[in-house]
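Worksheet: one structure, shown below.
The values are calculated or read from the model by the stated rules, or taken from the named source; none is laboratory data. Quantities reported herein were computed from a predicted structural model and do not represent experimental measurements. No Cβ is skipped: glycine too gets one built from the backbone with ideal geometry, and neighbour counts run over all protein chains shown. For accessibility, only protein heavy atoms count, side chains too; no ligands or nucleic acids. Shrake-Rupley method; radii C 1.70, N 1.55, O 1.52, S 1.80 Å.
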Amino acid sequence: MNTCLAIDIGGTKIAVALIESGQILKFDQRETPSSNYSEDMTLALKELLAPFKEQADFIAVASTGIINQGVLTALNPDNLGGLNQYRLADTLEQICQKPVMVINDAQAAAWAEYKTLESTFNAMGFITVSTGVGAGFVINDSLLIGQDGIAGHAGHILADPNGPTCGCGRQGCVESIASGTAIGKAGQAFFGSDCTGKIVFDQYQKGHPEAIAIVENAAKTIANLIADLKITLDLQVVCLGGSIGLAPGFLPRVHHHLSLLPSAHQVKVMHAHSGANAGLLGVASWAQQIYNN
Ligand code: ADP
Ligand code: BMX
Ligand code: ZN
(Lines give C-alpha, C1' and ligand atoms only; values in the text may rest on other atoms or scores of the structure.)
(Ligands and ions follow the chains in the order given, each with its own letter.)
Protein backbone atom coordinates (compact mmCIF):
# COMPACT_ATOMS: atom_id res chain seq x y z
CA MET A 1 0.00 0.00 0.00
CA ASN A 2 2.39 2.71 -1.22
CA THR A 3 0.67 4.66 -3.95
CA CYS A 4 -2.47 6.58 -3.06
CA LEU A 5 -4.89 7.97 -5.58
CA ALA A 6 -6.24 10.95 -3.63
CA ILE A 7 -9.41 12.73 -4.76
CA ASP A 8 -10.67 16.07 -3.40
CA ILE A 9 -14.31 16.77 -4.34
CA GLY A 10 -15.28 20.38 -3.68
CA GLY A 11 -18.38 22.31 -4.68
CA THR A 12 -16.43 24.04 -7.50
CA LYS A 13 -13.63 21.68 -8.49
CA ILE A 14 -12.54 18.05 -8.26
CA ALA A 15 -8.79 17.49 -7.90
CA VAL A 16 -6.98 14.14 -8.18
CA ALA A 17 -3.38 13.22 -7.44
CA LEU A 18 -1.13 10.20 -7.19
CA ILE A 19 0.69 10.52 -3.89
CA GLU A 20 3.63 8.55 -2.50
CA SER A 21 5.23 9.36 0.87
CA GLY A 22 3.49 12.74 0.99
CA GLN A 23 4.73 13.76 -2.48
CA ILE A 24 2.36 14.57 -5.36
CA LEU A 25 3.60 12.67 -8.43
CA LYS A 26 0.80 13.44 -10.88
CA PHE A 27 -2.14 15.88 -10.68
CA ASP A 28 -5.25 16.91 -12.57
CA GLN A 29 -8.48 18.78 -11.86
CA ARG A 30 -11.80 19.69 -13.45
CA GLU A 31 -14.97 21.56 -12.58
CA THR A 32 -17.47 19.82 -10.32
CA PRO A 33 -20.59 19.03 -12.38
CA SER A 34 -23.47 21.21 -11.25
CA SER A 35 -26.23 18.64 -11.50
CA ASN A 36 -28.53 16.71 -9.20
CA TYR A 37 -28.12 13.58 -11.36
CA SER A 38 -25.74 11.12 -9.74
CA GLU A 39 -24.84 9.82 -13.23
CA ASP A 40 -23.21 13.18 -14.04
CA MET A 41 -20.94 12.97 -10.99
CA THR A 42 -20.11 9.33 -11.76
CA LEU A 43 -19.20 10.16 -15.37
CA ALA A 44 -17.02 13.09 -14.28
CA LEU A 45 -15.16 10.85 -11.82
CA LYS A 46 -14.74 8.08 -14.41
CA GLU A 47 -13.19 10.47 -16.95
CA LEU A 48 -10.93 12.17 -14.45
CA LEU A 49 -9.68 8.94 -12.86
CA ALA A 50 -9.06 6.95 -16.06
CA PRO A 51 -5.39 8.03 -16.48
CA PHE A 52 -4.65 7.50 -12.75
CA LYS A 53 -6.42 4.43 -11.45
CA GLU A 54 -4.08 1.66 -12.69
CA GLN A 55 -1.09 3.13 -10.83
CA ALA A 56 -2.86 3.30 -7.45
CA ASP A 57 -2.82 0.78 -4.59
CA PHE A 58 -5.76 2.44 -2.84
CA ILE A 59 -8.15 5.37 -3.18
CA ALA A 60 -8.53 8.07 -0.50
CA VAL A 61 -11.25 10.68 -0.91
CA ALA A 62 -11.77 14.06 0.75
CA SER A 63 -15.25 15.24 -0.18
CA THR A 64 -17.54 18.12 0.52
CA GLY A 65 -20.66 17.00 2.39
CA ILE A 66 -21.38 14.79 5.37
CA ILE A 67 -19.62 11.47 4.77
CA ASN A 68 -21.22 8.58 6.63
CA GLN A 69 -20.36 4.98 5.68
CA GLY A 70 -19.07 6.17 2.31
CA VAL A 71 -22.31 7.96 1.39
CA LEU A 72 -22.18 11.72 0.66
CA THR A 73 -25.13 13.59 2.15
CA ALA A 74 -25.07 17.30 1.37
CA LEU A 75 -25.76 19.53 4.35
CA ASN A 76 -26.07 22.31 1.79
CA PRO A 77 -27.26 20.64 -1.46
CA ASP A 78 -27.04 24.00 -3.30
CA ASN A 79 -23.24 23.63 -3.25
CA LEU A 80 -23.45 20.52 -5.44
CA GLY A 81 -26.15 21.52 -7.91
CA GLY A 82 -28.70 19.68 -5.76
CA LEU A 83 -26.79 16.36 -5.67
CA ASN A 84 -27.55 14.46 -2.45
CA GLN A 85 -27.34 10.94 -0.99
CA TYR A 86 -24.56 9.93 -3.40
CA ARG A 87 -22.96 6.50 -2.90
CA LEU A 88 -19.43 7.79 -3.28
CA ALA A 89 -17.36 4.89 -1.92
CA ASP A 90 -19.33 2.19 -3.77
CA THR A 91 -19.14 4.16 -7.02
CA LEU A 92 -15.38 4.60 -6.76
CA GLU A 93 -14.86 0.94 -5.86
CA GLN A 94 -16.71 0.03 -9.04
CA ILE A 95 -14.73 2.50 -11.17
CA CYS A 96 -11.28 1.69 -9.79
CA GLN A 97 -11.57 -1.86 -8.41
CA LYS A 98 -9.39 -0.76 -5.46
CA PRO A 99 -10.11 -0.21 -1.75
CA VAL A 100 -11.68 3.19 -1.04
CA MET A 101 -11.78 5.37 2.10
CA VAL A 102 -13.71 8.64 2.31
CA ILE A 103 -13.87 11.52 4.81
CA ASN A 104 -15.08 15.11 4.66
CA ASP A 105 -12.81 17.55 2.78
CA ALA A 106 -12.22 19.98 5.65
CA GLN A 107 -11.57 17.13 8.08
CA ALA A 108 -8.93 15.81 5.67
CA ALA A 109 -7.33 19.23 5.28
CA ALA A 110 -7.18 19.65 9.07
CA TRP A 111 -5.23 16.39 9.28
CA ALA A 112 -2.75 17.58 6.62
CA GLU A 113 -2.15 20.83 8.44
CA TYR A 114 -1.83 19.16 11.83
CA LYS A 115 0.83 16.84 10.39
CA THR A 116 2.88 19.72 8.97
CA LEU A 117 2.79 21.97 12.04
CA GLU A 118 6.24 22.21 13.53
CA SER A 119 5.19 22.18 17.18
CA THR A 120 2.62 19.75 18.51
CA PHE A 121 -0.65 21.34 19.53
CA ASN A 122 -3.32 19.51 21.49
CA ALA A 123 -6.12 21.55 19.91
CA MET A 124 -5.92 22.85 16.33
CA GLY A 125 -8.51 23.82 13.74
CA PHE A 126 -8.66 24.22 9.98
CA ILE A 127 -11.23 26.37 8.19
CA THR A 128 -11.87 26.37 4.45
CA VAL A 129 -13.54 29.39 2.92
CA SER A 130 -14.37 28.09 -0.54
CA THR A 131 -17.67 27.18 -2.27
CA GLY A 132 -18.98 26.70 1.28
CA VAL A 133 -17.34 27.17 4.67
CA GLY A 134 -16.04 23.97 6.27
CA ALA A 135 -13.88 23.09 9.25
CA GLY A 136 -11.93 20.26 10.80
CA PHE A 137 -10.37 19.78 14.23
CA VAL A 138 -7.55 17.67 15.63
CA ILE A 139 -7.79 17.33 19.40
CA ASN A 140 -5.21 15.34 21.39
CA ASP A 141 -3.74 13.81 18.22
CA SER A 142 -7.15 12.62 17.07
CA LEU A 143 -9.05 13.87 13.98
CA LEU A 144 -12.66 14.60 14.92
CA ILE A 145 -14.94 12.85 12.45
CA GLY A 146 -17.97 12.20 14.65
CA GLN A 147 -20.36 9.29 15.01
CA ASP A 148 -22.18 10.24 11.79
CA GLY A 149 -19.34 12.12 10.07
CA ILE A 150 -20.75 15.57 10.90
CA ALA A 151 -17.98 16.89 13.18
CA GLY A 152 -16.52 20.17 11.99
CA HIS A 153 -19.47 21.55 10.03
CA ALA A 154 -18.83 24.97 11.56
CA GLY A 155 -19.94 26.81 8.42
CA HIS A 156 -23.44 26.16 9.72
CA ILE A 157 -22.95 27.90 13.06
CA LEU A 158 -25.16 30.98 13.43
CA ALA A 159 -23.57 34.25 12.34
CA ASP A 160 -26.62 36.52 11.99
CA PRO A 161 -30.17 35.50 13.04
CA ASN A 162 -31.52 38.00 10.48
CA GLY A 163 -29.10 36.93 7.73
CA PRO A 164 -29.85 35.15 4.45
CA THR A 165 -31.34 31.65 4.47
CA CYS A 166 -28.58 29.08 4.05
CA GLY A 167 -28.89 26.15 1.61
CA CYS A 168 -28.98 23.89 4.69
CA GLY A 169 -32.35 25.43 5.60
CA ARG A 170 -31.23 27.50 8.60
CA GLN A 171 -31.23 31.29 8.55
CA GLY A 172 -28.00 33.23 8.98
CA CYS A 173 -25.31 30.51 8.92
CA VAL A 174 -21.69 31.63 8.51
CA GLU A 175 -21.78 29.95 5.07
CA SER A 176 -24.70 32.11 3.94
CA ILE A 177 -22.55 35.23 4.51
CA ALA A 178 -18.87 34.37 4.14
CA SER A 179 -18.59 31.51 1.58
CA GLY A 180 -17.42 32.08 -1.99
CA THR A 181 -20.99 31.41 -3.09
CA ALA A 182 -22.37 34.02 -0.67
CA ILE A 183 -19.71 36.56 -1.64
CA GLY A 184 -20.56 36.00 -5.32
CA LYS A 185 -24.29 36.44 -4.60
CA ALA A 186 -23.66 39.65 -2.65
CA GLY A 187 -21.68 40.94 -5.64
CA GLN A 188 -24.47 40.34 -8.16
CA ALA A 189 -26.03 43.76 -7.54
CA PHE A 190 -22.77 45.48 -8.56
CA PHE A 191 -20.97 43.09 -10.91
CA GLY A 192 -23.75 41.28 -12.78
CA SER A 193 -25.83 38.16 -12.36
CA ASP A 194 -22.90 35.81 -13.16
CA CYS A 195 -20.82 37.25 -10.34
CA THR A 196 -18.61 34.75 -8.47
CA GLY A 197 -16.47 34.99 -5.37
CA LYS A 198 -13.44 35.33 -7.63
CA ILE A 199 -14.95 38.29 -9.50
CA VAL A 200 -15.62 40.08 -6.19
CA PHE A 201 -12.01 39.43 -5.12
CA ASP A 202 -10.64 40.75 -8.42
CA GLN A 203 -12.65 43.95 -7.81
CA TYR A 204 -11.49 44.00 -4.18
CA GLN A 205 -7.83 43.99 -5.31
CA LYS A 206 -8.66 46.97 -7.57
CA GLY A 207 -10.14 48.88 -4.62
CA HIS A 208 -13.82 48.80 -5.65
CA PRO A 209 -15.72 50.12 -2.57
CA GLU A 210 -18.64 47.66 -2.79
CA ALA A 211 -16.24 44.72 -3.17
CA ILE A 212 -14.29 45.98 -0.16
CA ALA A 213 -17.51 46.09 1.91
CA ILE A 214 -18.47 42.51 0.91
CA VAL A 215 -15.00 41.08 1.62
CA GLU A 216 -14.81 42.99 4.89
CA ASN A 217 -18.14 41.54 6.03
CA ALA A 218 -16.98 38.02 5.14
CA ALA A 219 -13.64 38.47 6.93
CA LYS A 220 -15.40 39.78 10.06
CA THR A 221 -17.79 36.81 9.99
CA ILE A 222 -14.87 34.36 9.72
CA ALA A 223 -13.02 36.16 12.53
CA ASN A 224 -16.07 35.80 14.78
CA LEU A 225 -16.39 32.13 13.84
CA ILE A 226 -12.73 31.60 14.78
CA ALA A 227 -13.34 33.41 18.09
CA ASP A 228 -16.34 31.18 18.86
CA LEU A 229 -14.31 28.05 18.08
CA LYS A 230 -11.32 29.25 20.12
CA ILE A 231 -13.43 29.95 23.20
CA THR A 232 -15.20 26.59 22.83
CA LEU A 233 -12.23 24.31 22.18
CA ASP A 234 -9.28 26.36 23.51
CA LEU A 235 -7.64 26.11 20.09
CA GLN A 236 -3.93 26.94 19.93
CA VAL A 237 -3.79 27.51 16.19
CA VAL A 238 -6.17 27.83 13.23
CA CYS A 239 -5.14 27.25 9.59
CA LEU A 240 -7.12 28.93 6.85
CA GLY A 241 -7.56 27.39 3.39
CA GLY A 242 -9.87 27.35 0.36
CA SER A 243 -9.55 29.78 -2.55
CA ILE A 244 -11.16 32.62 -0.55
CA GLY A 245 -9.22 31.82 2.63
CA LEU A 246 -5.97 31.84 0.65
CA ALA A 247 -6.82 34.87 -1.55
CA PRO A 248 -4.35 37.75 -1.13
CA GLY A 249 -5.60 40.26 1.42
CA PHE A 250 -8.21 38.09 3.15
CA LEU A 251 -6.15 36.74 6.07
CA PRO A 252 -4.91 40.21 7.14
CA ARG A 253 -8.55 41.36 7.39
CA VAL A 254 -9.42 38.29 9.49
CA HIS A 255 -6.44 39.12 11.73
CA HIS A 256 -7.69 42.70 12.04
CA HIS A 257 -11.22 41.76 13.12
CA LEU A 258 -9.95 39.08 15.50
CA SER A 259 -7.55 41.59 17.10
CA LEU A 260 -10.53 43.77 18.11
CA LEU A 261 -12.00 40.97 20.27
CA PRO A 262 -11.20 40.19 23.93
CA SER A 263 -7.90 38.34 24.36
CA ALA A 264 -9.50 35.01 25.43
CA HIS A 265 -11.10 34.85 21.97
CA GLN A 266 -7.87 35.44 20.10
CA VAL A 267 -5.77 32.68 18.55
CA LYS A 268 -2.94 32.40 16.04
CA VAL A 269 -4.38 32.17 12.50
CA MET A 270 -2.24 31.31 9.48
CA HIS A 271 -2.60 30.14 5.90
CA ALA A 272 -2.77 26.40 5.33
CA HIS A 273 0.81 25.30 4.72
CA SER A 274 -0.34 22.88 1.98
CA GLY A 275 -2.48 25.57 0.32
CA ALA A 276 -5.01 24.19 -2.16
CA ASN A 277 -3.56 20.66 -1.77
CA ALA A 278 -4.43 20.29 1.91
CA GLY A 279 -7.44 18.01 1.26
CA LEU A 280 -5.50 15.70 -1.09
CA LEU A 281 -2.43 15.42 1.13
CA GLY A 282 -4.50 15.08 4.30
CA VAL A 283 -6.70 12.27 3.11
CA ALA A 284 -3.71 10.39 1.67
CA SER A 285 -1.89 10.62 5.00
CA TRP A 286 -4.99 9.71 7.02
CA ALA A 287 -5.76 6.62 4.91
CA GLN A 288 -2.10 5.53 4.83
CA GLN A 289 -2.00 5.71 8.62
CA ILE A 290 -5.06 3.44 8.85
CA TYR A 291 -3.45 0.89 6.48
CA ASN A 292 -0.21 0.97 8.48
CA ASN A 293 -1.99 0.21 11.77
P1 ADP B 1 -13.85 24.08 -3.81
O2 ADP B 1 -14.96 24.66 -3.02
O3 ADP B 1 -14.30 23.23 -4.95
O4 ADP B 1 -12.82 23.40 -2.95
P5 ADP B 1 -12.33 26.59 -4.13
O6 ADP B 1 -11.55 26.43 -2.86
O7 ADP B 1 -11.56 27.00 -5.35
O8 ADP B 1 -13.11 25.28 -4.57
O9 ADP B 1 -13.49 27.66 -3.82
C10 ADP B 1 -14.34 28.10 -4.83
C11 ADP B 1 -14.75 29.54 -4.57
O12 ADP B 1 -13.57 30.38 -4.55
C13 ADP B 1 -15.64 30.12 -5.65
O14 ADP B 1 -16.59 30.99 -5.02
C15 ADP B 1 -14.69 30.91 -6.55
O16 ADP B 1 -15.34 31.99 -7.22
C17 ADP B 1 -13.68 31.42 -5.53
N18 ADP B 1 -12.32 31.61 -6.07
C19 ADP B 1 -11.65 30.80 -6.95
N20 ADP B 1 -10.42 31.29 -7.20
C21 ADP B 1 -10.30 32.43 -6.47
C22 ADP B 1 -9.25 33.41 -6.30
N23 ADP B 1 -8.09 33.29 -6.94
N24 ADP B 1 -9.48 34.44 -5.45
C25 ADP B 1 -10.64 34.56 -4.79
N26 ADP B 1 -11.67 33.68 -4.93
C27 ADP B 1 -11.50 32.64 -5.75
C1 BMX C 1 -20.46 22.87 3.19
C2 BMX C 1 -20.63 21.35 3.33
C3 BMX C 1 -19.39 20.78 4.05
C4 BMX C 1 -18.08 21.19 3.36
C5 BMX C 1 -18.02 22.72 3.22
C6 BMX C 1 -16.81 23.16 2.40
C7 BMX C 1 -22.01 20.30 1.63
C8 BMX C 1 -22.11 19.78 0.23
N9 BMX C 1 -20.82 20.75 2.03
O10 BMX C 1 -20.56 23.47 4.42
O11 BMX C 1 -19.46 19.39 4.11
O12 BMX C 1 -16.97 20.72 4.11
O13 BMX C 1 -19.21 23.17 2.55
O14 BMX C 1 -16.87 22.52 1.14
O15 BMX C 1 -22.99 20.30 2.33
P16 BMX C 1 -16.29 23.11 -0.22
O17 BMX C 1 -17.10 22.56 -1.32
O18 BMX C 1 -16.35 24.58 -0.13
O19 BMX C 1 -14.86 22.64 -0.26
ZN1 ZN D 1 -26.26 26.42 6.88
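Computed from label points 7 Å out along Cα-Cβ, the spacing between residue 118 and residue 293 is 2.8 nm.
For every other residue with a beta carbon closer than 13 angstrom to the beta carbon of residue 205, add +1 if it is Lys or Arg and -1 if Asp or Glu, then tell me the sum.
On the way: positive: 198, 206, 253; negative: 202.
Around residue 205, the charge tally is +2.
Element breakdown for the chain at a 1.4 angstrom probe: carbon and sulfur atoms account for 49% of the accessible area.
Accessible surface computed residue by residue for the chain, with neighbouring protein chains in place and a 1.4 Å probe, gives 44 Å² per residue. Inter-label distance, residue 87 to residue 160: 4.2 nm, where each label sits 7 Å from its Cα along the C-beta direction. Projecting label points 7 angstrom from Cα along Cα→Cβ for residue 28 and residue 234 puts them 4.8 nm apart. In a DSSP loop and with at most 12 other Cβ atoms within 10 Å, the chymotrypsin sites (Phe, Trp or Tyr not before Pro) in the range 1-59 are 37. Run the numbers on the range 133-228 and let me know its relative contact order in percent, using alpha-carbon pairs under 8 Å that are six or more apart. Taking the mean separation of contacting Cα pairs over the length of the range 133-228, I get 19 percent.
Structure remark: mean-square fluctuation, Gaussian network model of the chain, C-alpha springs under 10 Å; the largest value among 38, 130, 119 belongs to 119. Neighbours of residue 269, meaning other residues whose beta-carbon lies under 13 angstrom from its beta-carbon, give a summed charge of +2 when Lys and Arg score +1 and Asp and Glu score -1.
Extension gain for residue 94 to residue 264 (0.36 nm times residue separation, less C-alpha to C-alpha distance): 56.2 nm. Within a Cβ distance under 15 Å of residue 113, other residues only, what is the Lys/Arg minus Asp/Glu net charge? So the environment of residue 113 carries a net charge of -2. Averaging the sequence gap over all C-alpha pairs within less than 8 Å and six or more residues apart, then dividing by the number of residues, gives the chain a relative contact order of 18 percent. For the chain, a crude dipole built from +1 on the beta carbon of Lys and Arg and -1 on the beta carbon of Asp and Glu, taken about the Cα centre, is about 380 debye to the nearest 20. Cross-link pairs exceeding 22 Å between alpha carbons, from the set 46/115; 13/185; 115/220; 13/53; 13/115: 46/115; 115/220; 13/115.
Here r is the Cβ-Cβ distance between residue 1 and residue 73 and R0 is 41 Å; the resulting FRET efficiency, rounded to 0.05, is 0.90.
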